[in-house]
Amino acid sequence: MSSLFEEVQTQPNADIPVRRVTINVNGEDRSANIEPRLLLADLLRQGLKLTGTHKGCDTTSCGACTVLFDGRPIKSCTMLAVQADGHEVQTVEGLATPSELHPIQEGFKQEHGLQCGFCTPGMMLAAKALLERNPNPTEDDVRWGLSGNLCRCTGYQNIVKAVLWAADKMRAESI
Amino acid sequence: MYPSRFKYESPKSVEEAIALLDAAKGDAKILAGGQSLVPMLKLRFAFPEQLVDINNIPGLNHITFDADGTLHIGALVRHEQLEFSKEIAAKQPTIAAAAPLVADPIVRTRGTFVGSVCHADPQGDWAATMIALGGHLVVQGPKGKRTIEMKDFVLGPYANALNYNEIAIEAVIPAPKGVARGGYLKLERRVGDFATASVAVALDMDGNRVLRAGMALAGVGGKTIDANEEASYLVGKDLTEANINQVADLVAAKAEPKTDHRGSSEYKRQIVRTFVKRILLAQSTQKAA
C-alpha cells in the first residue's frame, strides 16, 4: 500500500444490467458495455467524447442533440444508446473531411448562420437530412424542415439562408 | 436527466414480446418510437422494471390498403412514413392532413402512429383521427388476437384498454363508402407545442352528398372528444353552407375547453367552430357564395 488510503474493487453489482453494443459512429464501429438506460446523446458526449452533439433542453424540444440515425434525423436525448446497437449514427464530427468543410458547414460560414453556435450541430444535421430528401427546397420548405430545431440567437434568418446556400452548392456539385 | 434503472429486452417476434410482458406481470412497458415514453422515463413519471423494445420485430412496418380500401397501419409505422406516403395522400385525406402536424419533423422520424394512439394523450392527434375515422386496433396477447374499437380503447388520460400482456400490432381504418374526404386542422402556438385546439373530420361522400361523417376534437377537454354523433347530422345531406354552419355549431357545443394560458374557453370553442367550417367548406363542391 503506497498511501494511507486505497480504494479497492468491490464485487460488481449483479443487479445492474449491462449490455455490449456496437454502433457505427461516423463510419467506424465503436463497442462499449453500457447500462440500457444510457441515452444516445450521453454515449456520444461522455462515452465517445464526441462533444459536437449538444444537449440543450433534454426534453425533446430544442433539437440541439440531433444526429442522423441510419440517415434520418433523431433527437439523441430521446433514444436509448442500446437501441443504436448495430445501427449507423452520424454526428457533426462526421460532416467535414480533414481538408474540406461539408457544403452545409460552408453555407453556415458564408451566410453567418450562427452566433453562439449551440444549436448549429443539430441544425446542420437536420438540414442534411432535409436536403437529401429535397435537394431543391424553397425558403418555406427549409423553415418547415428545421422547425424541430430551436435557435435563440439568430432569428433563423441566416440559418435559412445558409441552408439555401448549401442547397445551391450541392446541386451545382452534383451536375 | 436519467431514467431509473430497468432491464432491457429486444425480442425478435411478437410472441416472444408477449411472453416477456406476461412474465413481467405489469411491470414492463413496450418501447416503440419512444418519443413519449423516453421523456416520461427521464422525468420518472414512468419507472417500469423492464422495457420490451419492439423495434427489432419484423412485419410491423406496413402501410397497406386492401382491395376494398381498408387501411392497415403496423405498430412500427413512423409518423413521417404517413406524411410522405403517396398512397396515403391519394386515398386517406384525414391522415394525410394530420401527419405533417404531429410534433416536429425530427420527432416524426421516430415516433409511431400506433404508439401515439396507445399513449392516449388527450392532446394526441392520432387518437382524434382514429375516432373520426371509426378505426379499431388489432391487439395480440397470450390467447391470440382481438379487436378493440377506438371509441372503447381510450379509458382516460394516458390509460388504454390493453391488458399488461397485450401488444397493439396494427391500427385498421375501415374502407370508405364512396369517396374518402376530410381534413385535420390544429392550432398550436409553435411547432411541437400541445394543441390549443385540433379538429379531425372524416367524410365518406358521393358527389356532394355525405354518406358517413366522423369528427373528433383534441386539446379541448380532459380527453379526446368523440363528436361522431354530432357529425352524423350531415349523413344523407349535401354539404351546403347551412348544413355546414349547423354541424359546426353542434360540434363546437360538444367541446369542453378550459381557460388557460393558451386561450379562453370561448376562444377555443370558436376555433373548433371555425376549423369544422373550414375543413367542410374545402370538401364541398358547392362553394359558398
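The values are calculated or read from the model by the stated rules, or taken from the named source; none is laboratory data. None of these values were measured; they are calculated from a predicted model. Neighbour counts run over all protein chains shown; Cβ positions are idealised from the backbone, glycine included.
A few comments on the model shown:
- Qualifying positions in the stretch B:215-255 - of a type in the set (Asp, Glu) and farther than 19 Å from B:Thr129 by Cβ: B:Asp238, B:Glu241, B:Asp249
- With a requirement of 1 or more residues that are within 14 Å of another protein chain (Cβ to nearest Cβ) and buried (at least 24 other Cβ atoms within 10 Å of the Cβ), the helices (runs of 4 or more DSSP H) lying completely within the stretch B:101-163 that satisfy it span B:105-108, B:113-119.
- Considering (1) buried (at least 17 other Cβ atoms within 10 Å of the Cβ); (2) within 19 Å of A:Lys75 (Cβ to Cβ); (3) within 23 Å of the chain's Cα centre (by Cα), the lone condition that B:Ala96 does not fulfil carries the number (2).
- Any chance B:Gly26 is more than 23 Å from A:Ile74 (Cα to Cα) and not assigned by TED's automatic domain parsing to the domain that holds B:Pro142: yes
- Residue in the stretch A:112-124 that is facing chain B (nearest Cβ under 10 Å) and either closer than 18 Å to B:Asp104 by Cβ or surrounded by fewer than 16 Cβ atoms within 10 Å (Cβ to Cβ) (or both) present: yes
- The residues of the stretch A:19-37 that are within 13 Å of A:Met79 (Cβ to Cβ) and under 16 Å from the mean Cα position of the chain (by Cα) amount to a single one, A:Ile23.
- Here A:Asp140 meets each of (1) exposed (fewer than 14 other Cβ atoms within 10 Å of the Cβ); (2) in contact (Cβ under 8 Å) with a residue 12 or more places away in the chain; (3) assigned to a helix (DSSP H, G or I); (4) within 14 Å of chain B (Cβ to nearest Cβ) with one exception, condition (2).
- Of the strands (runs of 3 or more DSSP E) contained entirely in the stretch A:11-120, not one carries at least 2 residues that are touching a Phe, Trp or Tyr at 6+ places or on another chain (Cβ under 8 Å), without any contact (Cβ under 8 Å) to a residue 40 or more places away in the chain and of a type in the set (A, V, I, L, M, F, W, C).
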